[in-house]
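One structure is given below, encoded as structure tokens.
The values are calculated or read from the model by the stated rules, or taken from the named source; none is laboratory data. These numbers were taken from a predicted model, which means no experiment stands behind them. Cβ sites come from the backbone with ideal geometry, for glycine too, and all protein chains shown count toward neighbours.
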Amino acid sequence: MSEIEQGGGPGGLLRSDLYPFEQVIVLLSCALSFVGSSLIIFTHVLWPEFRSRPRQLLLYLSVADLLSATSYFYGVLRNFDSSSWDCVLQGALSTFSNTSSFFWTVAVALYLYIIIVRSQQAPPDSLLCWIHLISWGIPLVITVTAVALQKIGYDASYVSVGWCWVSITAKDRILWMLLTGKVWEMLAYIILPIFYLLIKKHIRLAHAALSEYRPILASDHVYQPRASIADKKLVIIPLIFIFLRIWSTVRFFLTLCDSPVVHNPVLVILHGVGNTFQGGANCILFVLCTEVIRERLLSLLCCYRYNHTA
């Protein structure tokens, strides 16, 4: 592993090239997240009976995670060493999708809080319109502005793992690191646990009657009770988010402190996997660990294999 001194870097820290095993692990995480997000989208499109409102929000979160996994995969594979055109393009796409993922994760928690704690089974459509406008619009405005001002580019892996983000040559890079991700990430650390605790407290107090007066699915389909139970797992998304994302925040503060620990291989891997694996984690929870959906997938797979071997 070579170390290249970057005079424009924070505090003159040395930039370490990725170890091959670091690169392989993060690429695998990106691939699993891509597959996981695709499965969530696939099951939503294929089976209408599972299209509850919360799972629609999960669908949009999965779209953002799919874009993130794709852009990060390319960035880690290229392991950029300059602000080339594809570095800027990859950095812009990952900035948009990653920031959008923050907003959609908060949106899921907010929506569950409204329907479970505030007892509104069907929030107005205007709320969903505002969620779309905020969750896609704000990240888009931030990304376009950052690209227009030439703030996106090669960052020497100080707060990334091979991919491009805020250019290391930007004098106000800390401000743009905050605007293009970190400030929204840290706000999510505060907002998500609040919603999570309120939801869990309410469910604990009203657990016996919850299934009778507040079904999450609006459909009367035979699978409604089982799918409703699966939908309640959505409150775990904040925990997944915090556990996966905290490592990038740790590296951000280590960079601000000029600590050489920022390039510790274990921390780099945790950061790389944490930033890329949310789609895979959501798939495990809401597809593979949801019995009715898992059975449908297995049945579909068996039918496919039978038709091709017959």
Criterion (of a type in the set (A, V, I, L, M), buried (at least 16 other Cβ atoms within 10 Å of the Cβ) and not in a helix (DSSP H, G or I)) met by exactly one of Ala188, Ala146, Ala170
Ala170
I'd like to know if the range 102-115 contains one or more residues that are under 19 Å from the mean Cα position of the chain (by Cα) and farther than 30 Å from Arg204 by Cα.
no
Test each condition in (1) within 22 Å of the chain's Cα centre (by Cα); (2) part of a loop (DSSP other than H, G, I, E, B) for Ala156 and report the one that comes out false.
(1)
Some residue of the range 117-126 being surrounded by 20 or more Cβ atoms within 10 Å (Cβ to Cβ) and in a helix (DSSP H, G or I)
no
Of all residues in the range 41-69, which are farther than 25 Å from Leu127 by Cα and under 12 Å from the mean Cα position of the chain (by Cα)?
Ser68, Ala69
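Results for (1) over 19 Å from Ser100 (Cα atoms); (2) touching a His at 6+ places or on another chain (Cβ under 8 Å); (3) not in a helix (DSSP H, G or I), shown as yes or no for each residue.
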residue	(1), (2), (3)
Ser33	no, no, no
Gly36	no, no, no
Leu39	yes, no, no
Arg55	no, yes, no
Between Trp136, Trp163, Trp130, which is at pLDDT 95 or above and either assigned to a loop (DSSP other than H, G, I, E, B) or closer than 22 Å to Ala109 by Cα (or both)?
Trp136
Please identify the pairs in which a residue from the range 236-257 that is in contact (Cβ under 8 Å) with a residue 12 or more places away in the chain has its Cβ atom under 9 Å from the Cβ atom of a residue that is crowded, with 16+ Cβ neighbours inside 10 Å and of a type in the set (Lys, Arg), counting only partners at least 6 apart or on another chain.
Ser248/Lys182; Thr249/Lys182; Phe252/Lys182
Suppose the filter is within 21 Å of Asp155 (Cα to Cα) and either in contact (Cβ under 8 Å) with a residue 24 or more places away in the chain or hydroxyl-bearing (Ser, Thr, Tyr) (or both); does Ala109 pass it?
no
Could you please find all residues in the range 224-254 being hydrophobic (A, V, I, L, M, F, W, C), at pLDDT below 75 and either under 13 Å from the mean Cα position of the chain (by Cα) or surrounded by 18 or more Cβ atoms within 10 Å (Cβ to Cβ) (or both)?
Ala227, Ala230, Leu234, Val235, Ile237
Determine which single condition Ser126 fails, assuming it passes every other condition in (1) within 20 Å of the chain's Cα centre (by Cα); (2) among the hydroxyl-bearing types (Ser, Thr, Tyr); (3) within 27 Å of Ile203 (Cα to Cα).
(1)
Name the residue that is farthest from Ala281 (Cα to Cα), counting only residues in the range 1-36 that are at pLDDT below 95 and polar (S, T, N, Q).
Gln6
Quickly run through the range 260-278 and pick out the residues that are surrounded by 15 or more Cβ atoms within 10 Å (Cβ to Cβ) and without any contact (Cβ under 8 Å) to a residue 40 or more places away in the chain.
Asn264, Leu267, Leu270, Gly274
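Okay, residues lined up against (1) crowded, with 20+ Cβ neighbours inside 10 Å; (2) β-branched (Val, Ile, Thr); (3) in contact with a strand residue (DSSP E or B) (Cβ under 6 Å, 6 or more places away or on another chain); (4) farther than 21 Å from Ser135 by Cβ:
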{"position": "Gln56", "(1), (2), (3), (4)": "no, no, no, no"}
{"position": "Asp65", "(1), (2), (3), (4)": "yes, no, no, no"}
{"position": "Ala69", "(1), (2), (3), (4)": "yes, no, no, no"}
{"position": "Ser83", "(1), (2), (3), (4)": "no, no, yes, yes"}
{"position": "Val108", "(1), (2), (3), (4)": "yes, yes, no, no"}
